[in-house]
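Below you'll find the structure, written out as structure tokens, and then a few comments.
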Amino acid sequence: QLQLVGSGGGLAQPGGSLTLSCQIYGSGIYTIAWFRQAPGKEREGVSSIVSSGFSTAYADSVKGRFTISRDNAKNAVYLRMSSLQPDDTAVYYCAAGTFFTGGPPTTDEYDYWGQGIQVTVSS
């Protein structure tokens with residue numbers, strides 16, 4: 001059993017930065033991922049990171065702008081979002097699973113989900 005609690009959403013201007021946090025309650029070896037869903041669109045896998053933090057994966061749409069990291073001492077995962085664009089506006093979710101494919105995460109690979117976090121990029 002695992003619980004995930006996301007935080008850090010809000011409003012940012014285009015070109016700005018925002019960091020999301022995912023606090024993990026429970027133990028085990030898990031890959032953690034970030035997803036997002038914009039109005040009228042499918043849920044998109046944004047990024048993922050393995051338990052050790054050594055390997056990461058990103059969607060092409062965010063590569064070079066977003067950075068995923070984790071602090072295992074705090075049992076938390078972060079998503080640093082930079083050079084934000086209006087298309088980044090979405091509800092963001094963190095999730096936990098037991099696999100890492102090396103590519104962008106897909107919804108069916110993840111078993112535990114945090115609550116949605118609204119991120120709005122607008123001037």
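Note on the range 72-87: residues that are touching a residue at least 60 places away in the same chain (Cβ under 8 Å), of a type in the set (Gly, Ala, Ser) and open to solvent by 50 Å² or more (accessible area, probe 1.4 Å) total 1.
Just for the range 103-123: of the residues that are at pLDDT 95 or above and among the small types (Gly, Ala, Ser), which one is nearest to Leu84 (Cα to Cα)? Checking each candidate, the answer is Ser122.
Run down Ser69, Ser27, Ser17 and say which single residue is open to solvent by less than 60 Å² (accessible area, probe 1.4 Å), among the hydroxyl-bearing types (Ser, Thr, Tyr) and free of Cβ contacts under 8 Å to residues at least 60 places away in the same chain.
Ser69
The values are calculated or read from the model by the stated rules, or taken from the named source; none is laboratory data. For clarity, every value in this text was computed on a predicted model and none was experimentally measured. When we count neighbours, we look across all protein chains shown, and the Cβ atoms used for this are built from the backbone with ideal geometry, even at glycine. The area values use the complete protein model at the heavy-atom level, side chains included, leaving out ligands, DNA and RNA. Shrake-Rupley method; radii C 1.70, N 1.55, O 1.52, S 1.80 Å.
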